[in-house]
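The structure is given below, and queries will be raised subsequently.
The values are calculated or read from the model by the stated rules, or taken from the named source; none is laboratory data. Nothing here was measured: the structure is a model prediction, and the numbers come from that model. FYI the Cβ positions are ideal-geometry reconstructions off the backbone, even for glycines, and counts take in every protein chain you see. Surface areas here come from the heavy atoms of the whole protein model, side chains and all, with no ligands, DNA or RNA. Shrake-Rupley method; radii C 1.70, N 1.55, O 1.52, S 1.80 Å.
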Amino acid sequence: MAESRLVVVGGNVLPNTARFPGISVDLATRDTLTKLLPTATAMLVRDFAGTWIPAVIADSGDRLSWVHVNSVGVDHLLTPDLVESDIIVTNSSGVLDQAIAEYVLATMLAFAKRLPGSFRRQQRGQWRHEPSQRLTGSTALVIGPGAIGAATAALLRQVGVLVDAVGRSGKRNEHGPFGEVFTAGELARRVGDYDHVIVTAPLTELTRGMIDSRVLDAMKPTACLINVARGEIVDEPALVAALQTGAIAGAALDVFASEPLPQGHPLWSLPNAIITSHMAGDFIGWRAAQEELFLDNLGRFVGGLPLLNQVDKRLGYVPWSALRHNGVGHPLREQTDGSAAPEPDH
Ligand code: OXD
C-alpha cells in the first residue's frame, strides 16, 4: 500500500507508533498544519476546540483519507466539505462511557443527598439538618440513548432508577437498559414525568437548542438537568432563568456553549448549579486509553482493515450498529442476562 504518513495536531508528544515502523509521523501546530497536511494520509486530532482545523482539512488536497479524533463529539469537525468528502472520520467512542455514567450518578447523588448546600454550610461551620431524597424509585430521562446514554442507564438501574430515553427514531428494544424510548418530538410532553433529565446526545442540527424554555418549563420543579454532552444543546439563558425562578430544582453541567465558562457568567454563582470543567469522562488514564484505541485503528489503517468507530458523517455520530463490534469496553457487552445489546440511536 502507499506510504502512510500521519499528522498529529494537538498535544506535544507524539503517539507511540513504534509498532508501525513503516509510518512516518509529524506533530503539527496551527502554524505548520497547512504545510504538513497535504503530505499526510492520516490525521490525529487531539484538539477538540480547534474550530480552525476543518478549513485546513478542506484545503489539504486529496491524499488524506482518514481523520481520527480524540473525543467523542465530532461536531467541531463536520463541515459540509468534510461530510461530502471521502475522508473517513473515526472518534474515541467507548473510552469515556463508564466514567461519564459515574459522573452522572455522582451529580444525581449530590443533589439527592443535599451535598452542595452542606459543603457551603461546612465552610461557614453551620449545622443544619435536612432530609434527603432516595434515588431508588426515582425516574430519569436520558436524551441520547447511544453508548454513553446506555452506559449511564445501565449504572442508574443498578441503584433502582427507572430510565427511559429520547432518541432520534424513538425505537425501543425490550432488552436494552431503557424502558420507553420516545422521539424528540415527544420530549416536551414527556419530560414532566421525570426526576432527572440527562443529556448525552451528540450536537447535531437536530439537537442544537433542544432543551429550550418550553422543555425546561415542562420539567417538574423538583427535577434536575444534567448535561454531559454539548452546551449548545441547552438554551443557556433559558436554563439560567429556570434555575433562578425555581422552575427546575438544579442543574449539573459539565459542558457549556462557551468553554471555559466565562468569568462572571450567571451559572457560576447559582446555588442550585454544579459546574465542572468539561471533565466528566476524563478518568485518570483516559489519554492512554484513547491512544490505545487510536493505535488499534492505526494498525487497521496500515493493514487495510475496516476502522473502528467510523462516524456516520451525515448523522454526526457513530451508529450503534458500528459500536457493538468495535471491541472497546462497553458495559452493555457485560450484561449478565445474556440478552442482546439494545439498538438505540442518539
Ligand atoms: C467530548 C470528549 O467529546 O470529552 O466531549 O471526548
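Using helices alone, I'd like the mean residue ellipticity at 222 nm for the chain: each DSSP H run of four-plus residues gives -39500 (n - 2.57), total over residue count, nearest 500.
Helix-only estimate at 222 nm: -7500 deg cm²/dmol.
Now, a different point. Of the options G50, V67, T34, report the single residue whose Cα projects farthest towards the positive end of the charge dipole of segment 1-140 (beta-carbon charges: Lys, Arg +1; Asp, Glu -1).
Farthest towards the positive end: G50.
Assuming R0 = 25 Å, what is the FRET efficiency of R114 and S258, from their Cβ-Cβ distance, to the nearest 0.05? Spell out each step's value before the answer.
Values: r = 30 Å, r/R0 = 1.19.
The formula returns an efficiency of 0.25 here.
Under a point spin-label approximation (7 Å from Cα along Cα-to-Cβ), what is the T32-R190 distance to one decimal in nm?
5.0 nm
Sticking with this structure for a sec: For the chain, what's the relative contact order in percent, using C-alpha pairs closer than 8 Å and at least 6 residues apart?
Computed value for the chain: 17 percent relative contact order.
Still on this structure: Looking at the chain, send over the antiparallel percent of its DSSP beta bridges, to the nearest 5.
Values: 2 of 42 bridges.
Beta bridges within the chain, antiparallel portion: roughly 5 percent.
Might you report the magnitude of the Cβ-based charge dipole of the chain about its Cα centre, with Lys and Arg at +1 and Asp and Glu at -1, to the nearest 20 debye?
920 debye
Which lysines, on any chain, are close to K113 with Cα under 20 Å apart, when same-chain ones fewer than 8 places away are left out?
K220
So what are segment 144-219's ellipsoid semi-axes, whole angstrom, largest first, if each one is the square root of 5 times an eigenvalue of the alpha-carbon gyration tensor?
19, 14, 11
Between I198 and residues 5 or more places away or on another chain, which pairs have amide H atoms under 5 Å apart, with H built 1.01 Å from N, and which residues are they?
Here the answer is L141, V142, I143, I226, since their amide H atoms fall under 5 Å of that of I198.
Tell me, what % of the accessible area of the chain is carbon and sulfur with a 1.4 angstrom probe?
53 percent
Let me ask something else. Mind checking which of V215, I87, L293 is farthest towards the positive end of the chain's charge dipole, using Cβ charges of +1 (Lys, Arg) and -1 (Asp, Glu) about the Cα centre?
Checked the options; the winner is V215.
Another question, then. Based on the Cα atoms of the chain, what semi-axes does the equivalent ellipsoid have, where each is the square root of 5 times one gyration tensor eigenvalue, given in whole Å with the largest first?
After scaling each eigenvalue by five and taking roots: 37, 22, 19 Å.
Give me the dipole magnitude in Debye, nearest 20, for segment 8-69 about the Cα centre, with unit charges on the beta carbon: positive for Lys and Arg, negative for Asp and Glu. Show your work: numbers first, answer last.
Details: 5 positive and 5 negative charges, 32 e Å.
For segment 8-69, the charge dipole is close to 160 debye.
Sticking with this one: Could you pull out every residue, at least 5 positions away or on a different chain, whose amide H is within less than 5 Å of the one on F256? Hs are placed 1.01 Å off N in the peptide plane, and Pro or chain starts have none.
For F256, the qualifying residues are G231.
A follow-up question, please. Need the full-extension length gain, R300 to A55, defined as separation in residues times 0.36 nm minus the C-alpha distance. One decimal, nm.
Full-extension gain reported as 85.5 nm.
I've got another one for you. Taking all pairs of different Cα atoms in segment 8-66, averaging 1/r and flipping that mean, what Kirkwood radius in angstroms comes out?
Kirkwood hydrodynamic radius for segment 8-66: 11.9 Å.
What list of ³J(HN,Hα) values in whole Hz, one per residue of segment 85-95 in order, does the Karplus curve 6.51 cos²θ - 1.76 cosθ + 1.60 (θ = phi - 60°) give from phi, with Gly and Pro shown as x?
Coupling constants for segment 85-95: 6, 8, 5, 7, 10, 10, 10, 9, 4, x, 6 Hz.
Taking 0.36 nm per residue of separation and subtracting the Cα-Cα distance, what length does fully extending E180 through S213 add?
9.5 nm is the gain from fully extending E180 to S213.
Can you compute the equivalent ellipsoid semi-axes for segment 134-275, i.e. the square root of 5 times each eigenvalue of the Cα gyration tensor, sorted largest first and rounded to whole Å?
24, 16, 14
While we're looking at this one, here's another question. Do you know the relative contact order of segment 209-311, to the nearest whole percent, from alpha carbon pairs under 8 angstrom that are 6+ apart?
Once divided by the residue count of segment 209-311, the mean separation gives 23 percent.
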